[in-house]
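Taking it in order: structure first as structure tokens, then the write-up.
The values are calculated or read from the model by the stated rules, or taken from the named source; none is laboratory data. Here the structure is a predicted model, which is why all the values come from computation and not from measurement. Note that we place each Cβ from the backbone using ideal geometry, even for glycine, and neighbour counts take in every protein chain shown. Ligands, DNA and RNA are stripped out before the accessible areas are found, and what is left, the full protein with its side chains, is counted by its heavy atoms. Shrake-Rupley method; radii C 1.70, N 1.55, O 1.52, S 1.80 Å.
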Amino acid sequence: MTRNQLLTPMFVHDADTGLVIEGLRRYNLFTAVFFLGRHRRLLAEFVALSGAGPGWRALDIGCGPGKLVRALGTAVGPTGVAVGVDPSVTAVEDNRDGVAYHRYEVGPAQDLPVSDAEFDVVTCTFVMHHIPEAQRDAAIAEMWRVLRPGGRLLLADASPSPRIRAAFSLFLGRDPFVDVDIRHYIERVEAAGFLDLSYSRSRDQTGILTAVKPLVHD
């Protein structure tokens, strides 16, 4: 990594969009350290819990470096579609790698540049706390809009052990995980109309919330 890459901020703040990824190499280094090199295993868990399979249309919101998009792409195969949306032009341009059934678009979670009921599964991982508080309900409404009836939603965010939280708190002078618990969104997801909500905690320091858009909505 060059000196300029080290000095590039990991995120920049946009008042309307929230935190937008800028330093991809620093972000990848951070995730490698935080997950102790087991990020690939966590991605596989996300894909499995999402239910994505051959021929499915999958969307990852806030795709960043595109790792989950590629994992979903492997699951859906060439008969399906894997799409990543991110507000970062840097991330989207870096991800556009020519795989025919992968697609990347620039856009925020609260205004997705995709069609109604276009996807069988929507994932949004380590992103919700980056969205401005006033825009989070709009982001969940967009997830509802772009999912087909019967489609599956997966939200995830960091859920480290007390020991790791204490270490970060000591280093940073504050607990950076206070506001990232994905269970904060259970009531909002239910209010949007989703059913069959289920929460689990991965052994890789992550809380995972899944839900289903019903086939018929009152």
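Laid out as a table, the results:
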quantity	calculated
Amide proton proximity set for GLY151, modelled H, under 5 Å, gap of 5+	LYS213
In the range 81-141, the chymotrypsin sites (Phe, Trp or Tyr not before Pro) that fall in loop regions by DSSP, at most 10 other Cβ within 10 Å	none
J(HN,Hα) series, the range 179-184, from Karplus relation 6.51 cos²θ - 1.76 cosθ + 1.60, nearest Hz, glycine and proline x	9, 9, 4, 5, 5, 4
For SER115, net neighbour charge (Lys/Arg +1, Asp/Glu -1) across residues whose Cβ lies under 14 Å away	-2
Cut-off under 5 Å, modelled amide H: who pairs with CYS63 long-range	VAL85, ASP86
Under the Karplus curve 6.51 cos²θ - 1.76 cosθ + 1.60, θ = phi - 60°, whole-Hz ³J(HN,Hα) for the range 146-158, x wherever Gly or Pro sits	8, 7, 6, x, x, x, 10, 10, 10, 10, 8, 7, 4
Solvent-accessible area per residue, Å², over the range 80-156 with all protein chains present [probe radius 1.4 Å]	36
Net charge of Cβ neighbours under 12 Å - reference LEU209; Lys, Arg +1; Asp, Glu -1	-1
Estimated vicinal HN-Hα couplings, Hz - the range 194-199 in sequence order (Karplus 6.51, -1.76, 1.60; Gly, Pro = x)	6, 10, 6, 5, 9, 10
